[in-house]
């Protein structure tokens, strides 16, 4: 298995890392059956990649072997953000039968943390995700890893996340504060539940605690100051 060498820094400070540890704990308490989790958002600016990547990192730091799958086959910028110059084989190569599963999973410098990048951007991402190979990948990964976190495109823009959700044990929605309307969030949640009824909840991201100190019962309590993330109730 090859190794991808990069620094684990997508902007989270010590206070935010504590939030991800809390999110990790909440995920673990949902049950051992929630092993493969599809993460999506309403819009491209909600910060789902940062949240999903840092959640996967927190799970690995907690002693869980974790695979982070970048399933945004349309517009992923993860490799660029991690300053990885080469374009390694990834999910699209596996889904199109151009590479075996073991050849698209990479070790990292963090113990227990593994990454599957997107690979090349295909012209038919939705069809690739729904061709049955994803189900095979999920079943194989569950035998190897404690958790599989799958980062998907915003469901408010394209249907890919709903296709992926069908293959997963549970789903999680990331929304940025004051970006999406309640109507849009409800629509995305309903669409997720149609694909997979096991909806774990909402991560409210990019909250300015200096000007917003209270969000009521919908999103629960908050952690720290500045921009951070919460884990909230789904209803």
Considering 183, 152, which residue is at pLDDT 95 or above and closer than 22 Å to residue 44 by Cβ?
152
In region 33-48, residues that are over 14 Å from residue 202 (Cα atoms) and under 8 Å from the mean Cα position of the chain (by Cα) total 0
Would you be able to tell me the number of residues in region 1-22 that are within 18 Å of the chain's Cα centre (by Cα), under 20 Å from residue 111 (Cβ atoms) and at pLDDT 85 or above?
2
Answer yes or no: is there a residue in region 37-49 that is part of a loop (DSSP other than H, G, I, E, B) and farther than 25 Å from residue 177 by Cβ.
no
Tell me which of these residue 51 doesn't satisfy, since it passes every other one: (1) closer than 19 Å to residue 206 by Cβ; (2) touching a helix residue (DSSP H, G or I) at 6+ places or on another chain (Cβ under 6 Å).
(2)
Please pick out the residue among 24, 15 that is closer than 30 Å to residue 181 by Cβ and surrounded by 15 or more Cβ atoms within 10 Å (Cβ to Cβ).
24
I'd like to check which helices (runs of 4 or more DSSP H) are fully inside region 68-187 and have at least 2 residues that are surrounded by 21 or more Cβ atoms within 10 Å (Cβ to Cβ) and in contact with a helix residue (DSSP H, G or I) (Cβ under 7 Å, 6 or more places away or on another chain).
91-95, 125-129, 133-142, 160-165
When you look at residue 195, is it over 19 Å from residue 16 (Cβ atoms), at pLDDT below 75, crowded, with 18+ Cβ neighbours inside 10 Å and in contact with a strand residue (DSSP E or B) (Cβ under 9 Å, 6 or more places away or on another chain), yes or no?
no
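The values are calculated or read from the model by the stated rules, or taken from the named source; none is laboratory data. Quantities reported herein were computed from a predicted structural model and do not represent experimental measurements. Please note: Cβ atoms are built from the backbone with ideal geometry, for glycine as well, and neighbour counts cover all protein chains shown.
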